[in-house]
Amino acid sequence: MLLTRQCSPLYNRRHCSRVFYSSKIACRAVPPRDTGSDGRTQRRTLTRRGGMDASWQLDPDKPWYHVMPRSGWLNDPNGPIFYKGKYHVFYQHVVGTSEWDWACCWGHASTEDLAHWKHEPIALEPSAKGRDAAGVWSGCSTVDEQGRPVILYTAVRKREPGMPLPPEGSDLGLDMIESQCAATCDPADTDMLEWTKQDAPIIDFPPQGQALAGFRDPYIIQRGSPERPWRIAIGSGIKGKGGTILQYSSDALLHGWKFEGCLVEGTTKPCGEWDTGEMWECPFFVALPSCGQRPDCSSGSSQHVLCVSPYPHYRKDRPTNPCLYWINAFNGDKFNVGTASGPHRLDLGDILYAPNTLQTPDGRMLMLAWLQELRRGGGHDYAGCLSVPRRLSLQGNRLHQEPAQELEQLRTEPSAHLPSLPIPAGRGVPLPGVTGPSLDVSLRLKRGQSAQAGLLLRPWLRADSADAEPTAAALVVDWESQSLEVCFSTQLDTSTQAFGWESIVKRVGGEICAAEGVVDLRVFIDHSAVEIFTGCGQALSTRVYRGNEPGHGMFFIAHGGGAEALNVHAYTMGSIWTSRADMPAKQEEPALAS
């Protein structure tokens with residue numbers, strides 16, 4: 001649960017540095033909505049527009065094939081699960097605002113095929129005067145020994161006069177008090193619409209005598225059985241030492257949890273080139289097979305991946321909020337980052353945070369994450385979406401990410417298919433036949449004589465100017481540095497679509513596998529949301545705000561010499577929403593996929 005408070009992600013990273021809420025940061029309280037006397041959350045629609053300006057409904061940068069609420073704030077994905085023929089994903093949601101605020105609830109969306117989604121009613125909301133009065137924060141979901149769906153979540157209440165405080169040895173001295181709580185659902189409720197909160201928390205306070213920086217985001221790392229206990233990981237950090245993951249065990253999912261020490265401990269010192277922060281949020285810890293193989297956790301043949309979302313960050317010359325991961329064997333007790341491969345960046349971009357995982361019935365491990373905005377909040381009726389589902393596997397000592405194959409169901413016409421397309425230096429070559437704000441493009445980029453080559457997106461709307469000059473963003477492979485970047489330039493020759501290589505003001509990206517002068521790319525563009533995958537399993541996510549531009553299109557570009565695009569396949573993408581009422585409001589809606 002990223003503590004963004006009143007700041008938008010952009011403002012927060014530049015000015016708030018992910019600090020805890022304090023009286024110095026004004027925060028408009030959102031009163032908790034009513035919860036029934038039996039603990040059941042009341043059924044209602046997921047979002048409300050309540051007085052929002054109609055012009056916000058016409059935002060051309062709002063994605064339509066990424067999961068997001070129709071309006072309001074979204075952050076961490078929570079508790080993704082497959083249950084009785086449907087996939088469900090929950091997410092942190094604040095209704096009626098495009099900025100983070102107290103009283104986060106659990107939004108809910110479902111799908112039968114990972115391509116076509118439906119909004120469901122809010123699953124969990126804060127309870128007035130309860131342990132979660134200030135927010136139902138991030139967590140996980142599972143099915144217990146009796147076949148009941150169960151949500152584990154972090155309950156948050158503010159430190160206020162007259163309210164009980166934790167025991168002295170468990171009081172972290174923060175402005176909020178965190179507990180781990182649970183809610184259950186009747187197995188007969190196949191759509192998982194009605195949740196009942198348990199009366200008592202499963203873990204009331206942090207362990208005694210630990211100088212912790214936080215205590216949140218439970219994640220199940222071992223399912224219970226008659227032969228072994230349940231085990232959960234909880235994100236934390238040791239003040240002055242660095243991030244840590246606490247682990248607890250219990251023979252029963254809803255009670256009896258015992259502190260088992262730290263699964264892993266980090267350091268506040270730079271680890272390689274990365275700053276690993278003082279607090280590790282939203283951990284996931286999974287066993288993965290090598291690329292293309294089915295997971296087999298019980299045989300011991302799989303390596304384990306630990307991924308964390310660290311903060312705060314002290315290295316000002318490094319990307320903000322880099323999610324980091326390590327790969328190593330696991331002995332069932334401790335995970336050793338000292339001997340592990342890592343830390344490695346999960347994503348080369350600047351907007352991905354708080355990933356969570358889901359195992360499909362056929363054994364694939366999928367990941368969803370929060371894609372943040374890169375503009376100030378308040379001027380729009382929404383903020384944030386989830387990434388496309390990504391399949392995870394191992395390739396050597398690195399994580400391999402690829403888009404879930406189900407996304408191909410969203411492809412519509414028009415489309416374009418080119419076996420070869422020469423790319424001369426100095427001018428853009430249009431991708432023929434395919435325009436519009438939502439695309440799925442795959443290609444092999446061949447270096448030729450170029451120093452850099454890639455794809456041009458036009459225009460790019462600068463948030464800090466009136467955009468008097470033509471601007472553009474480009475997905476660029478730099479062959480010498482073997483890097484993939486999204487470069488933002490203040491110059492674009494609109495007559496030739498020549499990119500302003502000398503006027504680049506921002507770069508987002510990192511090193512990739514490009515040693516042979518060939519790179520395979522899969523590019524997802526969904527209005528402002530951009531996700532790029534390489535054939536080697538690396539990924540880059542960022543935002544490119546392009547606004548209203550008829551026929552945005554895409555152009556191939558090269559610099560320093562000619563290049564070539566091979567096996568180009570480009571598709572217009574339809575909406576993920578099965579009902580038009582679920583879709584983000586647009587001036588022009590895409591046709592609903594059948």
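Points worth noting:
- When the strands (runs of 3 or more DSSP E) confined to region 513-578 are screened for residues that are of a type in the set (Asp, Glu) and closer than 16 Å to Leu455 by Cβ, those reaching at least 1 such residues are found at 518-526, 529-534, 563-573.
This table checks each residue for (1) in a loop (DSSP other than H, G, I, E, B); (2) within 18 Å of the chain's Cα centre (by Cα).
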| site | (1), (2) |
| --- | --- |
| Leu358 | no, yes |
| Ala369 | no, yes |
| Ser415 | no, no |
| Leu418 | no, no |
| Ala425 | yes, no |
| Pro432 | yes, no |
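- Test: residue in region 408-424 that is small (Gly, Ala, Ser), surrounded by fewer than 16 Cβ atoms within 10 Å (Cβ to Cβ), in contact with a Leu (Cβ under 9 Å, 6 or more places away or on another chain) and closer than 22 Å to Gln497 by Cα: yes
- Which listed residue is under 13 Å from Thr142 (Cα atoms) and touching a strand residue (DSSP E or B) at 6+ places or on another chain (Cβ under 7 Å), from Gln222, Gln198, Gln180: Gln222
- Some residue of region 499-515 being modelled with pLDDT under 90 and closer than 26 Å to His344 by Cβ: yes
- Tally, over region 428-455, of residues that are surrounded by fewer than 24 Cβ atoms within 10 Å (Cβ to Cβ) and closer than 21 Å to Glu480 by Cα: 7
- Whichever residue in region 481-510 is among the small types (Gly, Ala, Ser) and touching a Ser or Thr at 6+ places or on another chain (Cβ under 8 Å) and, among such residues, is surrounded by the fewest Cβ atoms within 10 Å (Cβ to Cβ): Ser503
- Scanning region 494-512 for residues that are part of a strand (DSSP E or B) and either of a type in the set (A, V, I, L, M) or free of Cβ contacts under 8 Å to residues at least 24 places away in the same chain (or both) yields Ala498, Ile504, Val505, Lys506, Arg507, Val508.
- Looking only at region 375-399, residues that are assigned to a loop (DSSP other than H, G, I, E, B) and more than 14 Å from the chain's Cα centre (by Cα) come to 9 in all.
- Residue selection: Asp189 satisfies the criterion of being more than 19 Å from Cys282 (Cα to Cα), surrounded by fewer than 16 Cβ atoms within 10 Å (Cβ to Cβ) and modelled with pLDDT of 95 or more.
- Only listed residue being modelled with pLDDT of 95 or more and surrounded by 22 or more Cβ atoms within 10 Å (Cβ to Cβ), chosen from Gly256, Gly277, Gly235, Gly261: Gly235
- Filtered residues of region 57-97 (kept if closer than 19 Å to Ser528 by Cα, among the hydrophobic types (A, V, I, L, M, F, W, C) and modelled with pLDDT of 95 or more): Val67, Met68, Trp73, Leu74
- All of Pro161, Pro149 fail the test of being surrounded by fewer than 22 Cβ atoms within 10 Å (Cβ to Cβ) and not small (Gly, Ala, Ser), apart from Pro161.
- Remark: Val429 matches the filter, which requires a residue to be modelled with pLDDT of 95 or more, assigned by TED's automatic domain parsing to the domain that holds Gly537, under 25 Å from Val519 (Cβ atoms) and β-branched (Val, Ile, Thr).
For every residue, the table says whether it meets (1) among the β-branched types (Val, Ile, Thr); (2) surrounded by 22 or more Cβ atoms within 10 Å (Cβ to Cβ); (3) within 26 Å of Asp59 (Cβ to Cβ).
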| site | (1), (2), (3) |
| --- | --- |
| Val523 | yes, no, yes |
| His527 | no, yes, yes |
| Ile532 | yes, yes, yes |
| Gly535 | no, no, no |
| Ser541 | no, yes, yes |
| Asn548 | no, no, yes |
| Gly553 | no, no, yes |
| Ala563 | no, yes, no |
| Leu566 | no, no, no |
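- Residues being within 12 Å of Trp577 (Cα to Cα) and touching a helix residue (DSSP H, G or I) at 6+ places or on another chain (Cβ under 9 Å) - total across region 61-110: 3
- Among the residues of region 111-155, those that are at positive phi, in a loop (DSSP other than H, G, I, E, B) and either of a type outside the set (A, V, I, L, M) or not assigned by TED's automatic domain parsing to the domain that holds Asn75 (or both) comprise Lys129, Gly147.
- Per the conditions (1) part of a loop (DSSP other than H, G, I, E, B); (2) under 27 Å from the mean Cα position of the chain (by Cα); (3) modelled with pLDDT of 95 or more, the sole criterion not satisfied by Leu174 is (3).
The values are calculated or read from the model by the stated rules, or taken from the named source; none is laboratory data. Please read these numbers as outputs of a predicted model, since none were measured by experiment. No Cβ is skipped: glycine too gets one built from the backbone with ideal geometry, and neighbour counts run over all protein chains shown.
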